[in-house]
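Please read the structure below before turning to the comments.
The values are calculated or read from the model by the stated rules, or taken from the named source; none is laboratory data. Not measured: the values here are computed from a predicted model. Note that each Cβ is placed from the backbone with ideal geometry, even for glycine, and that neighbours are counted across all protein chains shown. These accessible areas exclude ligands, DNA and RNA; they are computed on the full protein's heavy atoms, side chains included. Shrake-Rupley method; radii C 1.70, N 1.55, O 1.52, S 1.80 Å.
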Amino acid sequence: MLVVQNLNVFHGPIEAVHGISFTVKEGSCVSLLGPNGAGKTSTISAITGVAKSTGRIMFADEDISTLPVEIRIRKGIAVSPEGRRVFANLSVKENLRLGGAYNTANVDRLIAEWFETFPILAERRDQMAGTLSGGEQQMLAIARALMSEPRILLLDEPSLGLAPKIVTQIFEMIKRLKEKRMTILLVEQNATLALRLSDHAYLLNNGLIVADGTAETFGSNDALMAELTGLA
Ligand code: ATP
């Protein structure tokens, strides 16, 4: 579904990611793990076209490397950004409607579907998003991204700043999406939980992929696990 080859990502004169390559197969969950500043968010921004990059990004067998952001979104890429960023003064339902702005014919059906899948959002449907708890806002941000019926969901640090119990709930939500065969690229510092869900994971450091493999590959390498568990 997504093949990234030799990707360099730039913020003005700064090169944040140096020639990384990775693949996300249809229906799989792949994690990008790594410490602060490793280049995880920069990689997501390059995939959506927000950040300047060189290299090749293939999505559903098409080279999207030079396409504008809006076209990439329309082709089926959705992001739940780091820091959640819901529209605080709009209700849960209104936030979801905005997420489906390019997909108006299906908005009511999708809202009903996500309310059924994530009942906590249904309970809060008319509440202003700004008054939701951090975990609820995170759920809303993910559900809003899903309103475009994406072919791949990019999740940037969904556990950031949340209490451990809430983080578990968010990962349950991601697990349910995986069960629905959603293709997911998950950026996380919480390596233990991310590995549990991932079919494959890549460890980024200083803009380079320094290790990759399955949960078993990482689990059987004590030094790597010590490094990973130190991230969260
Ligand atoms: P974090 O979890 O802290 O966001 P990250 O792995 O997502 O970490 P990035 O945010 O991609 O890392 O940052 C990678 C490097 O690029 C860092 O050195 C960061 O300072 C730099 N960087 C990121 N965004 C910008 C920007 N807009 N302008 C300049 N430098 C940036």
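Please work out if residue 144 is farther than 27 Å from residue 2 by Cβ and either more than 16 Å from the ligand (Cβ to nearest atom) or hydroxyl-bearing (Ser, Thr, Tyr) (or both).
no
Could you tell me whether segment 127-134 includes any residue that is open to solvent by less than 40 Å² (accessible area, probe 1.4 Å), on the phi < 0 side of the Ramachandran plot and within 16 Å of the ligand (Cβ to nearest atom)?
The answer is no, given that none of the residues of segment 127-134 is open to solvent by less than 40 Å² (accessible area, probe 1.4 Å), on the phi < 0 side of the Ramachandran plot and within 16 Å of the ligand (Cβ to nearest atom).
Is it the case that residue 138 is at pLDDT 90 or above and within 16 Å of the ligand (Cβ to nearest atom)?
Judged against the criteria, residue 138 is a match.
Can you tell me which residue within segment 138-170, out of those that are among the charged types (D, E, K, R) and part of a helix (DSSP H, G or I), is most open to solvent (accessible area, probe 1.4 Å)?
Out of the qualifying residues, it is 165.
Anything in segment 177-232 that is at pLDDT below 95, assigned to a strand (DSSP E or B) and either within 30 Å of residue 115 (Cα to Cα) or among the β-branched types (Val, Ile, Thr) (or both)? List them, or say none.
Of everything in segment 177-232, those that are at pLDDT below 95, assigned to a strand (DSSP E or B) and either within 30 Å of residue 115 (Cα to Cα) or among the β-branched types (Val, Ile, Thr) (or both) turn out to be 188, 210.
Need at least 3 residues that are within 16 Å of the ligand (Cβ to nearest atom), in contact (Cβ under 8 Å) with a residue 12 or more places away in the chain and crowded, with 22+ Cβ neighbours inside 10 Å per element, so show me which helices (runs of 4 or more DSSP H) inside segment 1-114 make the cut, counting only ones lying wholly within it.
40-48
Being over 25 Å from residue 94 (Cα atoms) and surrounded by 22 or more Cβ atoms within 10 Å (Cβ to Cβ) narrows it down to one residue among 215, 211, 223, 191; which is it?
191
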